[in-house]
Amino acid sequence: MLIVVKIGGDILKWRRSPELILDIRHLLSEHKIVLVHGGGVEVTEIASKLGKRQQFVVSPKGFRSRYTDKDTIEIYTMVMAGKINKQIVSTLQSHDVHGVGLSGLDGLLVQAKRKKRIVIVDETGRKRVVDGGYTGKINKVNTQLLQLLIENDYVPVIAPVAISEEFEPLNVDGDRTAAYIAGALKADRLIILTGVQGLILDDQLVPKLTVSEVKKILPKIGGGMITKVYAAIEALEQGVGEVIISFGLETHPISSPLKHKCGTVISRE
Ligand SMILES: Nc1ncnc2c1ncn2[C@@H]1O[C@H](COP(=O)(O)OP(=O)(O)OP(=O)(O)O)[C@@H](O)[C@H]1O
Ligand SMILES: [Mg+2]
């Protein structure tokens, strides 16, 4: 199977918990794996150390995103494609897994159209149109480059930075990046690992959902999780077999959700 795994949130501190890498190493004997990571919290931390306060905006659909001006995209690229990406690669290498760290700029891996303007909801609940900054909507993935790597037993490790039509870096959401990559590769599974057990509704983990069921409950889902649910829908619509949102610090963080032992499984029907 070809499995795309998105790792985000708290689990990026996995240096102290090797379970994820051990699971990856074990799965690689039978499967191909592509990793996509997040790391928004660390971007905010480094930006504040550099004296650049980060601003967040919320879209009418409830997506919370970083307002990405010129300074911010530079910091974002440095932290995502530099610090975090290379930390993951070196941790993989220390366990004999051959990771290759890439951003969407490398080999035009993830191409996006810059958003000229975005609609946000301000503190008073009113909609406003603001400059889109350096954020983008993904429109193409260079699957050939990924195939080249995975066919030769490398594990691509992809930072959520896309390249614009004007060849600038763009901030793209990690969950959506993983969905597009999984969709373009026609991956069998997309596993989204995060700091919670899966989709939680009324304090209960939802074990299984179809796309039509999930569409009905969208307004009940909060920021952070909503992008994963949209990413799941996008991936399934692009032909991915199944999407599972699961906790990244399980003993077998990938094998267990693959066997439906944990997490929220989202399927086409
Ligand atoms: N209905 C819900 N069920 C579960 N989690 C939810 C729900 N609504 C909101 N959340 C929040 O979504 C968060 C997960 O998204 P978040 O963006 O924080 O992490 P991540 O995507 O794993 O990390 P990164 O953004 O760095 O890639 C959870 O920690 C939780 O607080
Ligand atoms: Mg997130």
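Quick notes
- Segment 210-263, residues that are within 16 Å of ligand 2 (Cβ to nearest atom) and of a type in the set (Lys, Arg): 228
- Positions within segment 162-175 being more than 15 Å from residue 5 (Cβ to Cβ) and within 15 Å of ligand 2 (Cβ to nearest atom), in sequence order: 171, 172, 173
- Residues satisfying the stated conditions in segment 47-84, i.e. closer than 30 Å to residue 217 by Cα, surrounded by 18 or more Cβ atoms within 10 Å (Cβ to Cβ) and among the β-branched types (Val, Ile, Thr): 57, 68
- Residues of segment 216-261 satisfying the condition of being among the acidic types (Asp, Glu) and more than 16 Å from ligand 1 (Cβ to nearest atom): 237, 242
- The single condition among (1) surrounded by 20 or more Cβ atoms within 10 Å (Cβ to Cβ); (2) among the small types (Gly, Ala, Ser); (3) touching a strand residue (DSSP E or B) at 6+ places or on another chain (Cβ under 6 Å) that residue 164 does not satisfy is (1).
- Scanning segment 134-157 for residues that are under 20 Å from the mean Cα position of the chain (by Cα) and touching a residue at least 60 places away in the same chain (Cβ under 8 Å) yields 134, 135, 146, 150, 155, 156, 157.
- Per-region count, segment 36-54, residues hydrophobic (A, V, I, L, M, F, W, C) and within 13 Å of the chain's Cα centre (by Cα): 1
- Of 96, 69, 122, 153, all but one fail to be touching a strand residue (DSSP E or B) at 6+ places or on another chain (Cβ under 7 Å) and acidic (Asp, Glu); the exception is 122.
- Out of 248, 195, 263, sole residue that is at pLDDT 95 or above and either surrounded by 19 or more Cβ atoms within 10 Å (Cβ to Cβ) or out of contact with any Cys (no Cβ under 8 Å at 6 or more places or on another chain) (or both): 263
- If the condition is being closer than 17 Å to residue 67 by Cα and among the charged types (D, E, K, R), then segment 130-175 contributes 131, 137, 168, 173.
The values are calculated or read from the model by the stated rules, or taken from the named source; none is laboratory data. Keep in mind it's a predicted model, so treat the numbers as computed, not measured. Here the Cβ is made from the backbone with ideal geometry for all residues, glycine too, and neighbour counts use every protein chain on show.
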